[in-house]
Structure formats: C-alpha cells, structure tokens
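Taking it in order: structure first as structure tokens, then the write-up.
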Amino acid sequence: MSVLINGSSGPQFSVSRGIRQEDPMAPFLFLIVAEGLMGLVKSAINKELFIGFKVGLFTLKSFYSQQIGLGSVDDGALLKKCWLTCAPSKVCCFIWKLFRGRVATKEALAERNVCLGQHNLNCVFCLSHCEFLDHLFFTCNFAMDVWKHFYDWLLMPMRLSVNSADSLHYHDLHYIEVNCRDPWRMLWFSVIWSIWLMRNEAIFEGKRPNIRMIMELIKLRS
Ligand SMILES: [Zn+2]
C-alpha cells in the first residue's frame, strides 16, 4: 500500500493487524497516530515538501464563476444564455450540458467505456450515422427536418447549423424586441429538449420518431 503525495505515490508500506474495531483503545490509538501524523505534515510543509491548497468558501456562485472561467470569453457569454427564468431548471441544465459538450450521447458513453455494442452507436433517427452531439441535434436528416418545420412555423428562413452555438446565434438574430429575448430563446430550447425526449422515447420505449408529433410538442412546450 502507498499514499498519494502531491499527485504521486509515496513509498510502499505493508498493512498489518492492529487492535479490533470498537476496542475502547481505538480512539486513543487514533489520537496518538493523528498527533504524530500532524507533526510530520507540519515538518513536511516547513521543508516545502507539501504544497498548500486553499479551499476557501465553496458556494454555488463560486463554482459557476469557476466553470465560466474554464472556457474562452465566447464560451462564458454562451453559457450565460442557458439560464432563462421562463424555462424549467432541468431544461436549462440540459442546455448547459449541450454547450459544454457533456450530453450523454452514444458516442460520449462509448468514450467513457460504457459498452453499447458496435451497431448500437447508430443514431436512432437516421440509423446510419454514429450518434454524436452535433449530429443528433443539427446535422441528422431528422433534426434538420425538425428545424425546417420549426422555422416554417415561425415564418423564418431555415439556415443549416452545425453546432449549438451557431444555431442559437442564428436564432437570436431574429428576436423582435429586447424584452422578448428570453421567451424567444425559449422556443429554441424547446426544440432541443423535444429532440432529446423523442430520442429517449425511441431508444427506451421503441417509439417511432415522428415529425408531426414533435412539432406539436415543441409548440406545447414553447
Ligand atoms: Zn441521425
């Protein structure tokens, strides 16, 4: 057995039997060992063998700022668009994952060594391409059909987008007034969310993807 020190494993030592669990001596033994360990840690810090790491006060806000700061300035601006007051929080979280490329598509699961079988990697809509993020929501024939019907409904020309940032940017160009921006963006959210739900129903419940049905659901969720 060895202990990780500053990311690398320390010297090996063998584990031997001590006193039994629940033995009244156990807490005293723990204190004696912890005291000695604390002394060793302090000594290692003085010799600069350990590097300190300040944890600070963890809050949801600090985590969010840290996550925003991980990407480029453009990423930060994009990620701020996820949080709409008019959208359910689970939908906002899903859009966040979409922008971060963290949606559990079949390709993403295969990269994490989740075994799906070679043929199961195919997109459930077209059955001919591997299911990766941009394909599922934008470049798949079924997804493009959905976007076309959606923009026909909004009386807008459809433009082929290849990823989420590009697609939302195009959608945002057409909002009518500044106060209407969030409800307008909600329309785009509802398309993404509806495609994802229909994909899950096709995979897990064997339902057939259907453009008319998905359009009804998009209008309902908008
Ligand atoms: Zn497809």
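The values are calculated or read from the model by the stated rules, or taken from the named source; none is laboratory data. From a predicted model like this one, the values you see are computed outputs, not experimental measurements. Positions of Cβ are backbone-derived with ideal geometry, glycine not excepted, and every protein chain shown enters the neighbour counts.
At a glance:
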quantity	calculated
Residue in the stretch 172-191 that is within 16 Å of the ligand (Cβ to nearest atom) and crowded, with 18+ Cβ neighbours inside 10 Å present	yes
Qualifying residue in the stretch 152-171 (condition: within 13 Å of the ligand (Cβ to nearest atom), more than 25 Å from K90 (Cβ to Cβ) and assigned to a helix (DSSP H, G or I))	no
Residue in the stretch 129-138 that is surrounded by fewer than 16 Cβ atoms within 10 Å (Cβ to Cβ) and modelled with pLDDT under 90 present	no
Per-region count, the stretch 9-34, residues among the polar types (S, T, N, Q) and modelled with pLDDT of 75 or more	3
Residue among A104, A143, A87 that is at pLDDT 80 or above, in the same structural domain as H169 (by TED's automatic domain parsing), in a loop (DSSP other than H, G, I, E, B) and within 21 Å of S222 (Cβ to Cβ)	A87
Single match in N120, N113, N200 (criterion: within 19 Å of the chain's Cα centre (by Cα), in the same structural domain as A87 (by TED's automatic domain parsing), exposed (fewer than 14 other Cβ atoms within 10 Å of the Cβ) and in a helix (DSSP H, G or I))	N200
Yes/no for T85 being within 16 Å of the ligand (Cβ to nearest atom), in contact (Cβ under 8 Å) with a residue 12 or more places away in the chain and among the polar types (S, T, N, Q)	no
